[in-house]
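The values are calculated or read from the model by the stated rules, or taken from the named source; none is laboratory data. Owing to the predicted nature of the structure, the values given are computational and were not obtained by experimental measurement. Cβ placement follows ideal geometry from the backbone for every residue including glycine, while neighbour counts extend to all protein chains displayed. Accessible surface is based on the protein model in full, side chains and every heavy atom, while ligands, DNA and RNA are left aside. Shrake-Rupley method; radii C 1.70, N 1.55, O 1.52, S 1.80 Å.
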Amino acid sequence: MKRNKIHEIYVGEIKTHGTENAEDPFDDKYITAGYKAPINGSVFLSTLGLTGDEQADKRFHGGKEKALFMYPKENYLELSCELGKEIPVGGNGENISIIGINERDVCVGDVYQLGESVIEVSQPRRPCWKPARRHRILEFSKTIQDLGMTGWYFRVIQEGKITKDDTLKLLKRPCKEWTIKKVNDVMYVYTDNLGLAESLIGCEYIPESFKKTLRARLRGEEESQISRLYGPNINA
């Protein structure tokens, strides 16, 4: 198996799923661009993402800090075993399915060459309720978060075309102490360790939204995750 190689590239349009006022929350109407399809050939990656890719809720998805979402292909085997149901590759709404690299290998601030583009790791993904509805598993997003299998986002430093034949090539690693897995552990697992929270706040590559959560923790205030993880899946 070749490390750091693209398995698939996915793009998706905004679509409506479900039925208005359905009895089962999983069947209720919602809008998402998370049902992405693989593409062949090359696609242009701009500072706002892949050509042909859309985001339904731009408050939380897309933009320059979340231009590209990458997820490890190998995560799906463990995730499927943990959930007791096969979750297909692409089932997290990722743009890139990557082979041979995961959250333990990637650090915030990493700069990579991918095809003609140059991209920088901006943050781990914070799972939301929509993939849980898609797979009809209430604890789907919470499980991903607890396992640290969130995938990660990139900002685009240099625009250019990418293809399935491309390999992720590390150019710079300024923050080797903060892997995506370690950031996730501080955010969601070691929530009582205020020293780790302080250390993570001090990392210049961590986004302000993460630091806001950590600063609240230092004040003794832990943000509720119910809305993000479960949303209308339990409130509909």
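A few comments on the model shown:
- For the range 77-209, carbon and sulfur atoms together expose 46% of the accessible surface, with a 1.4 angstrom probe and every protein chain in place.
- Kirkwood Rh and Cα Rg combined as Rg over Rh, evaluated for the range 48-102: 1.03
- The H on the amide N of Ile98, modeled in the peptide plane, is under 5 Å from the matching H of His7, Tyr71, Lys73, each at least 5 residues off or on a different chain.
- Heavy atoms of His17 accessible to a 1.4 Å probe, total area in Å² rounded to 10: 50
- Separation of the Thr51 and Ser209 label points, Cα + 7 Å toward Cβ, nm: 2.8
- Of the residues Gly109, Gly12, Gly52, the one that moves most in a GNM of the chain with alpha-carbon contacts below 10 Å is Gly52.
- Normalised per residue, the accessible area of the range 152-206 is 53 Å², obtained with a 1.4 Å probe and no contribution from ligands, DNA or RNA.
- Result for the chain in a Gaussian network model with C-alpha springs under 10 Å: among Met149, Met70, Met187, the largest mean-square fluctuation is at Met187.
- Alpha-carbon centroid distance for the pair the range 148-197 / the range 24-50, whole angstrom: 21
- The count of lysine pairs in the range 90-192 that are at least 8 places apart or cross chains, and whose C-alpha atoms lie under 26 Å apart, stands at 13.
- Each of Gly148, Leu138, Ile234 was scored by the projection of its Cα onto the charge dipole of the chain, and the greatest displacement toward the positive side belongs to Gly148; charges sit on the C-beta of Lys, Arg, Asp and Glu.
- One quarter of the surface of the convex hull around the alpha-carbon atoms of the range 35-143 equals 7.2 nm², the direction-averaged projected area.
- Helix-derived mean residue ellipticity, 222 nm - over the chain, DSSP H n ≥ 4, -39500 (n - 2.57), to 500: -6000 deg cm²/dmol
- Shape parameters for the range 30-80, alpha-carbon atoms, Rg then Dmax in Å: 12.7, 33
- Compactness of the range 136-225, expressed as Rg and Dmax over alpha-carbon positions, Å: 15.8, 48
- Entry note: the range 81-236 has Rg to Rh equal to 0.98, where both radii use alpha-carbon atoms and Rh is the Kirkwood radius.
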